[in-house]
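In what follows, a structure is listed as structure tokens, so that the remarks can point back to it.
Coordinate-derived values only; no laboratory data. Note that this is a predicted model, so its numbers are computed, not measured. Counting neighbours? That spans all protein chains shown, and the Cβs are built from the backbone with ideal geometry, glycine included.
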Amino acid sequence: MQAPLRHQLQGQTLWLSAQRSLFWEEEKALVVSDLHFGKTGHFRKAGIAVPQGVYKEDLQRLVNLLHYFGPSQLIVVGDFFHSHANVELDWFRRWRNEFSSLAITLVKGNHDILKDDWYRAAAIEVVHPTLVAKPFLFAHDRCDTAPGLYSFCGHIHPGVSIHGLGKQSLRFPCFYFGPDHCILPAFSKFTGAVSMDKGQADAIYAIVENELIKL
Amino acid sequence: MKDLKKSKGYAVVRDWLATRGYKPFAYQEEAWRHICNGESGLVNAPTGTGKTFSVFLGAVIQFINLHPKTYQSKAKNGLQLIWITPLRALAKDIGRAMEEVLFELDMRWQVGIRNGDTSTADRAKQKRQMPEVLIITPESLHLLLTQKGYADLFRTLKIIAADEWHELVGSKRGVQVELALSRIVGCRAAAPSREDVADAQPIPGGKSKKKNASSKSEDSEMATPPLGGREALSIWGISATIGNLEQAKDVLLAPLKLLKVESPQSGPSQPGHSPLGGQEGFPPEGRGEVGTIVRAKLHKQLEILSVLPDEIEKYPWAGHLGIKLAAKILPILEESRTTLIFINTRGMSELWYQTLLTIAPHLAGALALHHGSIEKELRTWVEEALHEGKLKAVVCTASLDLGVDFRPVETVIQVGSPKGVARFLQRAGRSGHSPEAISRIYFLPTHSLELIEAAALKSAIGEQFIESREPLLLCYDVLVQYLCTLACSDGFIPSVIFEEVKATNCFAELTEDEWNEMLYFITSGGNALQQYDEYKKVEVEAGVYRINSRRIAMRHRLHIGTIVSDNMMKVKFLGGGYVGVIEESFISRLEPGDAFTLAGRHVELVTIKEMTAFVKKSTKKNALIPSWMGGRLPLSASLGKVLRQTVDDAGAVRGESSNGKRQTPGKMPVELEVLQPLFDLQRRLSHLPKEAELLIEQIETRDGFHLFVYPFEGRLVHEAMAALLAYRISRITPITFSIAMNDYGFELLSDQPIPVDDSNVYELFSPANLIEDIQRSVNATEMAKRKFRDIAVIGGLIFQGFPGEYKKARHLQASAGLLFNVFNEYDAGNVLIRQAYQEVFDQQMEEARLREMLQRVQKSRIVLTYPERLTPFCFPIKVDSLRENLTSEKLADRVRRMQSELGRL
């Protein structure tokens, strides 16, 4: 695993990792977005035979990150769960019990449609539409952000295209830092990526396999 | 057997034909005789020669012979004839022609149409009482198999006809036909014909008391078996000329062996008892012995003319020249009553339509546009107007390749290479319909090099060099879909279906292991975690495989009809009114306010809502012409060979030809003469290859280092060859290539010098280790990813949503590219992923053809040149935008290098 890269912002220290997460040192918070847990199960229940390995790997990667950074809280910037409850989420619940001391805050995304009871039972604090933790603001969709605070969003599943000589072109998921907001990469590997406009960005970190490359 | 000509049915049909002033063709009579004898076979006849009647009237004669006294009164006979047609659009015309005959013969047969356009009310009606003739697409035939109790429908069936079989035989829809036939024949093998039951129906006019088998038939003649066996079920194909007609027939008729095994011995078989691999009852000589090919020996005169540019452009740019020649076709249009202008892509057809209207405004109203993305009603209108001779010309794509004839059409213009001899002939055959008329086709090149193709086509047709359509083998995706189809209706018992599936040509080599893997895939969804899984599709109850969930069954039914294509988006006017469909990838590049052309209309994008793009009329001048993917057809092997000879001949003017048949300048085809300036430039800058030479050019430009190779083998083989060569070079040094190709050659482009020279070039083109290297190069490119799109749709991994429910279905959608990556990483052994690689290997790589080519290269002289600038040969490849990548560099290194290079610019 490549060591996380440091990114200074608003006097705060952020550590970006190629495992699609961001660690906010001052608050000891691990920030992730668009995990879409239960998505493979949702497909499979409908008769679409997507391999579950991708979910298993997502869960395992989250465990590794928690061990690595040892955060006191996990902030999920929306789309924690893909759809209705299914047995794959039971698996998450068992996983949750092993990290019972970890505080989890979910900024509700458009996919988060589980019942309030379910989140309560899983000890997940749900906020909507934004979470303010100065100097930052967290919101699933960029539309919900307010000016004044630097905001972190998800939802888009950002990607970046790189072009080279000889008509070469590649596309990767990325961290996108704009002047007043950052868009986090989708944590789930069962997601695509939408190309971002590089011109508007202050910094872009492409996730190239297990490495982050600053563009 | 009684003589056909003495039978009542024959007399009735002959007399009817006579009232219209026709006489049956010899080949039609031959087909009728075989049909009445209960035999199967294939009719080989071009369009416009009564091929429909060769089978349909056979069915009518057979029925009359079985019911000589009552044929005009007998109604509700149950299904007699299934007519499979590849195109929905054809069904209506064929149905109308059949109804006309039945009406004039005063018969009570009904003709039904079953396809995606059939209303639910009509479906329900058909369910209550099947028409005697059912015209159906392969997809709808599978949908029929999702109905409970479908087996009953086939009890009275006499003939299954597969129309335009040459179009289906090399495709997955052909595999669908094979599977459906195996089921129908299997049902019949398990339960005998219901003829006795059907005969016992009350006299027409009475109430339809079905399945009351007590009274005896009123046809006393039935005591002596008339022409036409009562148990017989025959299969008939109708096909245009292709190189492998015999094989095409064998593929279609293969399921009949199920019938022949069962009927002589034990009668009705019990599920699961069929002997394994039983081929008894099948002629020992082999499959070629089953069924007959009936050939229409009608020779039609064909005239091929090229539209020549006044001045040859030495740097051919694809698509660019064609439009410049538009004015040259106006005199051709004037001379003919009606002209069809075939364009290879929908995008170009839009452009041609616009251009013709601009340069010849008087054609407005008499010129129409016809392609697959145009609204159905408009297409129907164009077809009707064509029949009635109201149109002077129609700009069209392959959408008008098939189907009933348009008599007013006198001339055909082919714009751009037709890429194959068979297709060219088929299109030529759309003109000149009266028996003595000459079919006239003009070839209009879209770039100057295509003129070589015109010369090659003429010579190929002269030598009767016609391509084959190779049947597909082991299409697991179609099998997965088919098994779910059967699970939707009555469920299936694996041992029974295994035998039937094995009887098809496609799955003859299916092993029991593979079969079990299929069953495992549809019941447990492939490799899953042991717990936390709720996969649900096909369930097993007492040995019967069923889909119990109504929702999953409904989704599957919707799925069968899904046409495999790029995500298509509907285009509608804001105020209502449907314009057509367009690829999502095109629309997604547009901003609101951008103008584009569709169905000959200038429109401007207003907004996109769900799967619909809303537009309004536009007055903007610079409208974009949409590009549709998939419009490119590869050159066939036959044409490739002639092409190499033709280029060689082109050298003949200078007395350089190597193929012995030295041409005197006067005899040189006019196309090649016109091209001399281009050949001269090619010769001066580089080299003009002879038949026994392979030309390789290495050129450095601002884009990087190019390696051009010209095997003249067609796009598909070039793609494979390029991937193979790129892979072999990348073993020498870490390097990344972008690959492009056309039908003449291919290009490897890199940002670093390409290590190919006379010391290693023969080795790089060696046939040694071919299979291993192909496999590795397939893995190194994204070819399999592209193949996976179709497979994922057919195999049920991509669900496109319920009609009008686009939003709701979104949480169940994932793109084919994403699915491919996920499967590749987490379930690489999955049958559908394996199939994607196998398809590239079998179809794309065409290993046999590649090997043949490499062996040829070994025997020929490789000519390496280092031109200072781009040559006429390489230019069209260089400007091609369809590219493939192959790399042996580490991804992160590659990104860093790309960045640093850009920094230097």
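How high is the relative contact order of segment B:60-203, given as a whole-number percent (alpha carbon pairs under 8 Å, six or more residues apart)?
Computed over segment B:60-203, the figure is 32 percent.
What does the structure give for B:816-825 when I average, per residue, the other chain Cβ atoms found within 10 Å of the residue Cβ?
Values: counts 0, 1, 7, 5, 0, 4, 8, 5, 1, 5.
Per residue, the average neighbour count from other chains is 4.
Search the structure for amide H atoms under 5 Å from the amide H of A:TYR150, placed 1.01 Å from N in the peptide plane, and list their residues when 5 or more places away or on another chain.
When sequence neighbours closer than 5 places are left aside, the close amide H contacts are A:LEU137.
Counting other beta carbons within 10 Å of each Cβ, put B:ASP93, B:ASP122 in order, fewest first.
Arranged by neighbour count, lowest to highest, B:ASP93, B:ASP122 become B:ASP122, B:ASP93.
Please turn the phi angles of segment B:25-33 into ³J(HN,Hα) values with the Karplus equation 6.51 cos²θ - 1.76 cosθ + 1.60 (θ = phi - 60°), one per residue in order, whole Hz, x for glycine and proline.
Each residue's phi maps through the Karplus curve to give 6, 4, 5, 5, 4, 5, 4, 4, 4 Hz.
Taking every pair of alpha-carbon atoms in segment B:476-560, give the share separated by more than 18 Å as a whole percent.
Of all Cα-Cα pairs in segment B:476-560, 42 percent lie more than 18 Å apart.
What are the semi-axes of the equivalent ellipsoid for segment B:302-448, taken as the square roots of 5 times the Cα gyration tensor eigenvalues, largest first, in whole Å?
Over the Cα atoms of segment B:302-448, the semi-axes work out to 22, 18, 15 Å.
What net charge do the residues around B:TYR520 carry, taking every other residue with its C-beta under 12 Å from that of B:TYR520, with Lys and Arg at +1 and Asp and Glu at -1?
Working: positive: B:LYS537; negative: B:ASP513, B:GLU514, B:GLU517.
Local net charge: -2.
Within chain A, which is the longest segment containing none of the GluC sites (Glu not before Pro) that sit in a DSSP loop and have at most 14 other Cβ atoms within 10 Å?
Within chain A, the longest run free of exposed GluC sites (Glu not before Pro) spans A:27-208.
Less than 15 Å apart at the alpha-carbon level, and either on another chain or at least 8 residues along: which aspartates and glutamates does that give for B:LYS536?
Within the straight-line cut-off, B:LYS536 pairs with A:GLU88.
For B:MET554, B:MET721, B:MET853, A:MET196, what ranking results if the residue with the fewest other Cβ atoms within 10 Å of its Cβ goes first?
Details: B:MET554 14, B:MET721 27, B:MET853 23, A:MET196 18.
Ordered from fewest to most neighbouring Cβ atoms within 10 Å, B:MET554, B:MET721, B:MET853, A:MET196 come out as B:MET554, A:MET196, B:MET853, B:MET721.
With the cut-off at 27 Å, tell me which of the pairs B:LYS125/B:LYS249; B:LYS328/B:LYS616; B:LYS69/B:LYS158 have Cα atoms farther apart than that.
Details: B:LYS125/B:LYS249 34 Å; B:LYS328/B:LYS616 34 Å; B:LYS69/B:LYS158 19 Å.
Over 27 Å Cα-Cα: B:LYS125/B:LYS249; B:LYS328/B:LYS616.
So what are the ³J(HN,Hα) numbers for segment A:11-16, from phi and the Karplus equation (6.51, -1.76, 1.60; θ = phi - 60°), rounded to whole Hz, Gly and Pro as x?
x, 10, 10, 10, 10, 9
Would you pull out the residues with amide H under 5 Å of B:SER860's amide H, same chain only if 5 or more places away, H placed 1.01 Å from N?
Excluding prolines and chain starts, which carry no amide H, there are no hits.
Run the Debye formula on the Cα coordinates of chain A, all scatterers equal and no solvent, and tell me log10 I(q)/I(0) at q = 0.11, 0.16, 0.18 1/Å.
-0.51, -1.09, -1.39
Taking the number of other C-beta atoms within 10 Å as the exposure measure, put A:TYR68, B:TYR744, B:TYR520 in order starting with the fewest.
Final ranking by Cβ density, sparse to dense: B:TYR520, A:TYR68, B:TYR744.
Among residues other than B:SER182 whose Cβ falls under 12 Å from its Cβ, what is the net charge (Lys/Arg +1, Asp/Glu -1)?
+1
Place the peptides A:111-118, B:694-701 in order of packing, highest mean first, counting for every residue the other Cβ atoms within 10 Å and averaging per peptide.
Result, highest mean Cβ count within 10 Å first: B:694-701, A:111-118.
State which entries of B:LYS324/B:LYS458; B:LYS51/B:LYS502; B:LYS376/B:LYS570; A:LYS39/A:LYS108; B:LYS76/B:LYS127; B:LYS23/B:LYS51 exceed 19 angstrom in Cα-Cα distance in the structure shown.
B:LYS324/B:LYS458; B:LYS51/B:LYS502
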